[in-house]
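Data block below; observations after.
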Amino acid sequence: MTMAKVIFDIETVGRDMGSFDEFTQEYLLKYAKTDEEAQLVKDSLSFYPVTAQIVTIAMLEAESEKAFVCYQVPGQQPERVVENGAEYFSASNEKQLLELFWSKIGKYDQFITFNGRAFDCSFIMVRSAINGLRASKNLMPDRYRSSSHIDLMEKLTFLGATRRKFSLHMWCHAFGIKSPKAEGISGLDVKDLFKDGRFLDIARYCLRDVAATKELFLYWDKYINFPGS
């Protein structure tokens, strides 16, 4: 029986350091000895669910071109936009965005990510809890016993057997797949784009990420994967 598969990816934005209380700022900057080190800490806040929020989640079916992107447009009424066959749903806040995600993910048997176990999945689970939402699906199943999650970073490093992990961009380049960064935007730009109100540009970039992840999955499945092994 064919499993319904979906690829997804998230984009996050870290809070401004000044938005934290004095004790939290002191904790975060404890080991920063220079202004440059302090800036590195500030730039890293988007990596952690306790210091950042999710601003976009893109989903793409593996067996079709059906795409769904939910993205934050703070303070505005939700709306739906269709662009190149993809559905873009705006949300006025993170909680609404996560509710949209959980309403969609339940119909899929298997989800595919790139570094999702270390980042996307745990981030969604924790941010959902912070927003008072109960996850409707376990995005962090046992990596050795469950086939419901294919994390391509883990698969391409053979569960950590290789010496170094490489980025999605590097793997795409190695296998001749168009990188999502080819159009000049990367994850490092997301915070500034969000501040500038370029919410749909973030959503489009996130969808390019999942499109590249889908191509990487198909390549891995064709040349490297041994089902059932």
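Bear in mind that the values in this text are calculations on the coordinates, not laboratory data. Model, not experiment: these values are computed from the prediction. Cβ: placed from backbone, ideal geometry, glycine included. Neighbour counts: every protein chain shown.
Mind listing the phi-derived Karplus ³J(HN,Hα) values for the stretch 146-163, rounded to whole Hz, using 6.51, -1.76 and 1.60 with θ = phi - 60°, and x for any glycine or proline? For the stretch 146-163, the Karplus curve yields 10, 9, 6, 10, 10, 9, 5, 5, 5, 5, 6, 9, 6, 6, x, 5, 7, 6 Hz. Between D142 and Q39, the contour length at 0.36 nm per residue exceeds the alpha carbon distance by 33.5 nm.
Helices of the chain meeting both criteria, an alpha-carbon length of 24 angstrom or more along the long axis and an average Kyte-Doolittle score not below 0.0, with helices taken as full DSSP H segments, are 199-223.
Straightening the chain between T162 and N131 buys 7.4 nm, computed as 0.36 nm per residue apart minus the Cα-Cα spacing. The modelled label-to-label distance between M3 and F47, using points 7 Å beyond Cα along the C-beta direction, is 2.9 nm. Residue by residue, the stretch 186-193 carries 3J(HN,Hα) couplings of 10, x, 5, 8, 4, 4, 5, 4 Hz when phi is fed to the Karplus relation 6.51 cos²θ - 1.76 cosθ + 1.60 (θ = phi - 60°); x denotes Gly or Pro.
Largest first and in whole Å, the equivalent-ellipsoid semi-axes of the stretch 1-127 read 32, 17, 12, each the square root of five times a Cα gyration tensor eigenvalue. Over the chain, what is the relative contact order in whole percent, taking alpha-carbon pairs under 8 Å and six or more residues apart? Value for the chain: 23 percent.
The residue list A91, L168, Y31 was ranked by how far each Cα lies along the charge dipole of the chain toward its positive end, using unit charges on Cβ atoms, and L168 comes out on top.
Using the Stokes-Einstein relation with a Kirkwood hydrodynamic radius computed over Cα pairs, the translational diffusion coefficient of the chain at 37 °C and a viscosity of 0.692 mPa s comes to 177 µm²/s.
Most tightly packed first, judged by the mean number of other beta-carbon atoms within 10 Å of their residues, the peptides 218-225, 11-18 read 11-18, 218-225.
Largest first and in whole Å, the equivalent-ellipsoid semi-axes of the stretch 136-229 read 28, 17, 12, each the square root of five times a Cα gyration tensor eigenvalue.
Please work out whether the stretch 62-141 counts as rounded, prolate or oblate from its C-alpha gyration tensor, where a ≥ b ≥ c are the square roots of the eigenvalues and a/c under 1.5 means rounded, while otherwise a/b larger than b/c means prolate and anything else oblate? Oblate. For the pair R15 and K104, the difference between a 0.36 nm per residue extended length and the Cα-Cα distance amounts to 29.3 nm.
A Cβ-based charge dipole, computed about the Cα centre of the stretch 73-229 with Lys and Arg at +1 and Asp and Glu at -1, lands at about 460 debye.
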